[in-house]
Amino acid sequence: MTNPVLNSETLDILFRRARTHNVWLPQPVSDDLLRQIYDVMKWGPTSANSSPARILFLRTPQAKERLRPALMAANVDKTMQAPVTAVLAYDLKFYEHVPRLFPNNPAMREMFSSSPELIQTTAFRNGTLQGGYFILAARALGLDCGAMSGFDNGKVDAEFFPASTWKSNFLCNLGYGDHSKLFPRNPRLDFDEACQLL
């Protein structure tokens, strides 16, 4: 049995016509929709089903103001305007959940917990991978995204995760983008520039 192939329109929504948005329409994003994003993205694969991604959704002006001091100047206005800003983070104690999430080999918990280097590598790599799933899930559910890394991770962690094992990775503004304010699309590398066949 072969897997079904997505139609061209769906591929456009997820990839080919999807854009990074900087200007947002004044249309709210419901908490229910944020829950739906997570309930879709959580099914993407991670190493040993480690699932280290953690998400903090900033939905109020007060929460956004707490983020403001950590933002680069170029990212302030678009972040304050966005209906929601998600802080995509990862949990350095993800391994505490491994016996439940990876029951076919619960001993993996000790393998992770005994190696700080493996913890960091696994959490960051797989948390980033889950961040990609997050963007695709948001687009699939009708939202536009504005992912960004122009901020001070240390300030974000001190403000939002001061006594936590969560560490910020990147930010993603969410909402309904103003398509009339998009600049022309930038090019991408061709297959032969980015890939090799052996």
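Details
- Across region 133-152, the qualifying residues are those that are in a helix (DSSP H, G or I) and touching a residue at least 60 places away in the same chain (Cβ under 8 Å), and the one among them that is surrounded by the fewest Cβ atoms within 10 Å (Cβ to Cβ) is A140.
- Residue in region 53-74 that is touching a residue at least 12 places away in the same chain (Cβ under 8 Å), farther than 26 Å from F160 by Cβ, part of a helix (DSSP H, G or I) and not polar (S, T, N, Q) present: no
- Qualifying residue in region 105-114 (condition: under 22 Å from I37 (Cβ atoms) and in contact with a helix residue (DSSP H, G or I) (Cβ under 6 Å, 6 or more places away or on another chain)): no
- Those residues of region 157-180 which are surrounded by 11 or more Cβ atoms within 10 Å (Cβ to Cβ), outside any strand (DSSP E or B) and not β-branched (V, I, T), in sequence order: D157, A158, E159, F160, F161, S164, Y176, D178, H179
- Meets criteria (farther than 21 Å from R35 by Cβ and either of a type in the set (A, V, I, L, M, F, W, C) or at pLDDT below 95 (or both)) for F124: yes
- Only one of V98, V84 that is surrounded by 19 or more Cβ atoms within 10 Å (Cβ to Cβ), touching a residue at least 24 places away in the same chain (Cβ under 8 Å) and under 23 Å from G150 (Cβ atoms): V84
- In region 93-111 there is at least one residue that is assigned to a helix (DSSP H, G or I) and within 17 Å of the chain's Cα centre (by Cα).
The values are calculated or read from the model by the stated rules, or taken from the named source; none is laboratory data. Predicted model, so just to flag it, every value in this text is computed and none were measured. Cβ atoms come from the backbone with ideal geometry, glycine included; neighbour counts cover every protein chain shown.
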